[in-house]
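Below is one structure, written out as structure tokens, with a few remarks after it.
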Amino acid sequence: MSSAELKREQSDAETVSATPEIREHRSRELGLDQLFEVLQNQRRRYVLNYLREHEEMTTLSDLSEQIAAWENDKEVRRISSSERKRVYVALYQCHLPKMDDMGVVEFEKARGTIEPGEHIERCYEYLDVAESGSDLQWPRYYAALAAGTLAMLLVGAGLQTLLSIPAISAGAGLALLAFATTSVWHFVSEGPATA
């Protein structure tokens, strides 16, 4: 038997002997802290989104290309090799092994394949909540609040009652300015909300 065959058999034996421990570890319920640890990182959320869309085994190469495209707001065919490599290395060394340890994905490092793990559905539940919360259109709420404050100012000025006191007028004006500024800031930083 050659040394290469001996090493291969030894490696296979180590894998087989480690498998029950790994299965036992993964079969434990995914704790809330672990769940949030997975969801706190954008690349890990991208992995979850990609696996949900494809619902099957994928390669690290395909996954890293798509995530690089999402991160750089480009089509997959337009990403550079350095953009792809940056994502590939981070997924390979950090994110996928961590997600594999938690049972969220099954990552075969040697083959470069990824597929959904036993705890991925729980991550999807929380991911759905986070994504539905991101549909809130805060700039529109702020703009409506600013418009309401402006309407109150105009009505009050027309009636010349409550707003005849300069301090109250100044306070209402500052509130209007604060709402308008916040609305513009949200709009510029997050972009226009798509309905």
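Throughout, read-outs are computed from the coordinates displayed, never taken from laboratory work. Because the structure is predicted, anything quoted here is derived from the model rather than measured. Quick reminder, even Gly has a Cβ in these numbers, built from the backbone with ideal geometry, and neighbours come from all protein chains shown.
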May I ask you to sort 61, 82 by Cβ crowding, counting other Cβ atoms within 10 Å and putting the fewest first?
82, 61
Residue 117's amide H: which non-local residues (gap 5+, or another chain) put their own amide H closer than 5 Å, with H modeled 1.01 Å from N in plane and none for Pro or chain starts?
105, 106
